[in-house]
Amino acid sequence: MKPVVLKSFLLSKFSELVHGISTRISSVNDFNLGNNANCKNEEIKRNREIFFDTLGIDKDRVVYQQQVHSDKFTIVEKPELIQENDALITSQKNLFLVVTIADCIPILFYDKTNQIAGVIHSGWRGTYNQIVKKTINYAISNLSLDRENTFFYFGPSICSECFEVDEDVATLFKSKFVKKKEKKFTVNLTEINLQYLLELGIKSSNIQISHLCTYELEKLFHSYRRDKEKSGRMLGVIGIK
């Protein structure tokens with residue numbers, strides 16, 4: 001059985017674009033694509049090959065990043081591993097950008113006018129540090145990103161009801177994005193990142209948001225919050241053929 005790969009209806013409109021987000025559903029048990037203690041490196045390597053082959057991607061044309069929950073982004077032009085980074089941008093053809101997923105928001109985007117593709121990893125630290133706003137603002141100012149014709153896909157992530165934090169984290173965000181939940185608080189990271197894009201002039205009709213929760217849907221997604229050190233990882237990928 002081929003792995004189940006999720007796609008955005010917005011991004012699927014562009015025949016020159018390849019994109020997808022993996023799930024746990026595959027002939028391979030749990031289909032872990034991330035480097036962690038629960039899976040041998042050989043198994044992860046093979047799982048990644050299966051995932052990329054499903055999308056028709058050459059595994060040797062992939063850009064990975066060592067995600068550190070920062071506001072750092074990089075313009076990439078060749079396959080490599082970018083250290084300490086949480087967003088990738090490219091205009092190179094046949095180069096595929098990867099974001100690792102286990103609860104934080106994976107954001108895939110594509111400017112059809114200039115043929116610029118990118119991925120962003122935004123957890124609560126990245127959201128607080130405005131990685132989405134900084135990355136897209138840079139692309140607008142320095143790469144002439146076309147706001148009218150750039151499309152965004154917020155992939156599956158932990159939903160606001162399941163994302164419980166203590167008061168020290170909750171107070172970092174505006175009160176309209178925070179709710180009290182017994183002795184904890186919840187923060188709507190998706191709405192905050194959406195607001196960043198709207199403030200930059202991105203149209204809401206150019207933004208698709210998945211409402212699938214990685215924490216709740218145990219059979220479909222890996223979740224670090226749910227499974228801790230036993231959690232696997234999904235991958236999101238985007239690139240221009």
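Against the numbered list (1) among the small types (Gly, Ala, Ser); (2) under 18 Å from GLY239 (Cα atoms); (3) in contact with a strand residue (DSSP E or B) (Cβ under 9 Å, 6 or more places away or on another chain), SER15 comes up short only at (3). In the set (1) without any contact (Cβ under 8 Å) to a residue 12 or more places away in the chain; (2) buried (at least 19 other Cβ atoms within 10 Å of the Cβ), the condition left unmet by VAL132 is number (1). Residue by residue through region 69-109, note down the ones that are among the polar types (S, T, N, Q) and closer than 19 Å to ASP58 by Cβ. The answer is THR90, SER91, GLN92, ASN94. Consider region 26-55 and keep the residues that are of a type in the set (Val, Ile, Thr) and at pLDDT below 95. The one that is farthest from VAL237 (Cα to Cα) is VAL28.
Go through region 17-34 and count every residue that is surrounded by fewer than 18 Cβ atoms within 10 Å (Cβ to Cβ) and either touching a residue at least 12 places away in the same chain (Cβ under 8 Å) or among the small types (Gly, Ala, Ser) (or both). Break it down stepwise before answering.
So in region 17-34, the residues surrounded by fewer than 18 Cβ atoms within 10 Å (Cβ to Cβ) come out as 25, 27-30.
Pick out the ones that are also either touching a residue at least 12 places away in the same chain (Cβ under 8 Å) or among the small types (Gly, Ala, Ser) (or both) and you get 25, 27-28, 30.
Of the residues in region 17-34, 4 are surrounded by fewer than 18 Cβ atoms within 10 Å (Cβ to Cβ) and either touching a residue at least 12 places away in the same chain (Cβ under 8 Å) or among the small types (Gly, Ala, Ser) (or both).
Yes or no: region 66-86 includes at least one residue that is surrounded by 15 or more Cβ atoms within 10 Å (Cβ to Cβ), free of Cβ contacts under 8 Å to residues at least 24 places away in the same chain, over 20 Å from ILE207 (Cα atoms) and touching a Lys or Arg at 6+ places or on another chain (Cβ under 6 Å). Taking every residue of region 66-86 in turn, at least one turns out to be surrounded by 15 or more Cβ atoms within 10 Å (Cβ to Cβ), free of Cβ contacts under 8 Å to residues at least 24 places away in the same chain, over 20 Å from ILE207 (Cα atoms) and touching a Lys or Arg at 6+ places or on another chain (Cβ under 6 Å). With a requirement of 1 or more residues that are modelled with pLDDT of 95 or more and over 15 Å from the mean Cα position of the chain (by Cα), the strands (runs of 3 or more DSSP E) lying completely within region 151-241 that satisfy it span 178-181, 184-187, 234-240.
Quick check on this structure: which one of PHE177, PHE185 is in contact with a strand residue (DSSP E or B) (Cβ under 8 Å, 6 or more places away or on another chain), touching a residue at least 12 places away in the same chain (Cβ under 8 Å) and surrounded by fewer than 19 Cβ atoms within 10 Å (Cβ to Cβ)? Can you show your working first?
Numbers: PHE185 fails: surrounded by fewer than 19 Cβ atoms within 10 Å (Cβ to Cβ).
Answer to the check: PHE177.
The values are calculated or read from the model by the stated rules, or taken from the named source; none is laboratory data. Bear in mind the structure is a predicted one, so any value in this text is a computation, not a measurement. Note that we place each Cβ from the backbone using ideal geometry, even for glycine, and neighbour counts take in every protein chain shown.
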